[in-house]
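To keep things clear, I will list the structure first and then write my remarks on it.
Rule-based calculations on the coordinates, nothing more; no lab input. Note that the structure is predicted; figures quoted are calculated from it, not measured.
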Amino acid sequence: MPSFVDLLVKSRKWFLRNEDSGETMEGQFAPTGLTRDVANNYAQHTALNRANTIIQYLNSKADTLVLQAGFFAQDFTKGAAVEERLEKLVSWAKRDPDLLRPPRVLFWIGNGHLEQLSVIDSISGITYGEPTILGEIREVSFTVNLLQFVEFNLDDQESFDTRFHHTKERDYYELLTQREYGDPLRGDVIRKQHPTQPNLTPGAIVRLPSIEGVRTERVETKSIPLKTAYGRKETPQRSLRIDMFDRRNRPFVSHVIVE
């Protein structure tokens with residue numbers, strides 16, 4: 001059973017565990033400096049004679065832990081251990097030939113505080129102290145920048161359904177997308193997302209995604225006869241369509257008779 005002194009010493013250390021190999025590294029001291037950065041990216045827009053800028057959220061940056069620490073030789077015969085531990089730490093910041101990437105590391109201090117799964121972004125400011133009387137390294141200090149690592153899954157999808165519109169009389173998809181996105185052609189995209197209600201009736205519910213959900217959708221015909229009827233390439237369908245328009249290109253009067 002560890003003594004109270006052992007627990008006290010351990011509570012003042014920092015730890016770094018290689019999640020791919022299972023190796024754990026202990027800092028001999030509590031870090032001389034540990035800072036945490038949390039940041040976002042914002043775009044700022046302004047206009048002539050406007051006092052305040054319009055701030056728009058773009059995305060988030062990875063949380064960063066900056067550890068300022070070091071290793072030291074406990075006596076003049078342990079200088080080789082300092083260099084060995086430093087090179088081990090440096091290897092965790094480099095590409096592993098088996099993993100084809102740098103390893104992931106789990107950092108925490110004391111009794112599990114500030115635990116963060118990370119990748120080592122950089123190790124900077126490596127400073128060597130005066131060597132021992134045997135010519136070995138006595139101490140070394142450094143700064144480690146740790147970027148938070150979050151697993152990415154291709155199955156993860158953002159929810160872009162941000163608004164639901166209750167239709168009223170004379171609403172149609174192109175009118176809704178003109179109001180929502182300033183682009184009536186997006187109505188074709190929204191219509192295809194509602195296959196059970198191609199024609200809107202009063203009281204129907206229409207999902208209107210944010211612009212990010214429809215920005216990459218292409219407006220194109222799904223009709224097989226008309227698939228090659230549009231575009232610059234000459235096709236039989238395109239020629240027939242143009243010929244039919246040319247034949248009927250004359251003034252005419254249309255009457256609608258209502259009983």
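Odds and ends about this structure:
- Phi-based couplings in Hz for segment 57-64 (Karplus 6.51, -1.76, 1.60; Gly and Pro marked x): 6, 9, 6, 9, 8, 5, 4, 10
- Annotation: amide H of ILE126 within the under-5 Å range of THR143, sequence separation 5 or more or interchain, hydrogens built in the peptide plane.
- Whole-Hz couplings from phi, Karplus 6.51/-1.76/1.60, listed for segment 136-142; x for Gly and Pro: 9, 5, 8, 7, 8, 10, 6
- Computed on the Cα trace of segment 161-240, the radius of gyration divided by the Kirkwood hydrodynamic radius gives Rg/Rh = 1.06.
- Sequence-distant residues sharing a close amide H with ASP20 (under 5 Å, placed H): ARG104
- Members of LYS61/LYS192; LYS61/LYS94; LYS61/LYS168; LYS13/LYS61 lying beyond 31 Å, as alpha-carbon distances in this model show: LYS61/LYS192; LYS61/LYS168
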